[in-house]
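Below you'll find the structure, written out as structure tokens, and then a few comments.
Here, each number is a calculation from the coordinates, and none is a lab measurement. In this text the structure is predicted, and so the values were computed from the model without any measurement. Don't worry about glycine lacking a Cβ; one is built from the backbone with ideal geometry, like all the others, and counts go over all protein chains shown.
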Amino acid sequence: MGVIIFIITFFALGFKREQGIGTKWRVNAKQIISVIGIVIALTGCIKTVPTGHTGVVTVFGTVEPQTYDAGIHFTAPWKQVVNMDNRIQKISSEMSGTTSDMQDVYTKFTLNYQISKKNASEIYKTIGKEYEDTVIVAQTNNTVKSVLAKYAATELVSSRSEVAAAIEKELESVLSKYDIEVVDTAIENLTFSDEFNDSIEQKVIAEQNLERAKTEQEKLNLEVEQEAKRKIAEAEGIAKANTILTESISDDILQKNMIDKWNGELPKVVGNSSNVFDVSSYLSE
């Protein structure tokens, strides 16, 4: 456009009517105005690429292999520069799916990603600037639902970090085909139907009661075991004492004990099963 303006104004302003000669074309001072066209042309040659972007060069709609880094670039006026954002970008999607045991699951999933800087021109050529809506959102939803369907509902609750890692690994494989790099992912929310939540709550309560009963039983078993050990120790002590006592008894000891216990009184009667004598009568005589 600037070149066309320059040519038209330069030649148009060169025509000048002279008295007695008529219209004649010649270079004159008015043609300086045509420099405006050159300025416009030069302005079209200056391209600016913002920080965090890659400039994709096109010529009449055809993508060139070369790209521009952030900064100011001077190029041919017929070349266009499309700025592709290669910074880390974020999308969050709320979606629903089904687990392997046919439970409904609802989740909010977040993906941080960035396009491959060196392949920015290829992304623009094959997908365009709307790569997020065209590829990323759809592939993320499909991948998340696919991975969730491999787990039972209880596994999703107990192995949340494992599930997140599996989704991230699968997304890396899927999006790399489109030259899109996964930075990180996160499962921000994971909920189930009210019926399933109630069943989980009841299961947790049952497990807590079972654990409490198990603890109480273990405590009771320990008390019984300790009491049994105490009684065994007591019985062993008594038996050992009896053994020592039995081994230490002799006739002299028994006789001495009898003497120590005697109060000095003689027996009233003596005898056996056939004869009995009243000793007291003899003593009185």
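Laid out as a table, the results:
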read-out: Two-site FRET efficiency, residue 7 against residue 172, from Cβ-Cβ distance with R₀ of 35 Å, rounded to 0.05; value: 0.05
read-out: Under 12 Å, Cβ to Cβ, from residue 117 - net charge with Lys/Arg +1 and Asp/Glu -1; value: -3
read-out: All-pairs alpha carbon distance profile, the stretch 89-192, 10 Å steps from 0, percent; value: 15, 48, 25, 10, 1
read-out: Approximate spin-label separation residue 202-residue 220, in nm, with each point projected 7 Å along Cα-to-Cβ; value: 2.6 nm
read-out: Charge sum, other residues only, whose C-beta stays under 13 Å from residue 145's C-beta, Lys/Arg counted +1 and Asp/Glu -1; value: -2
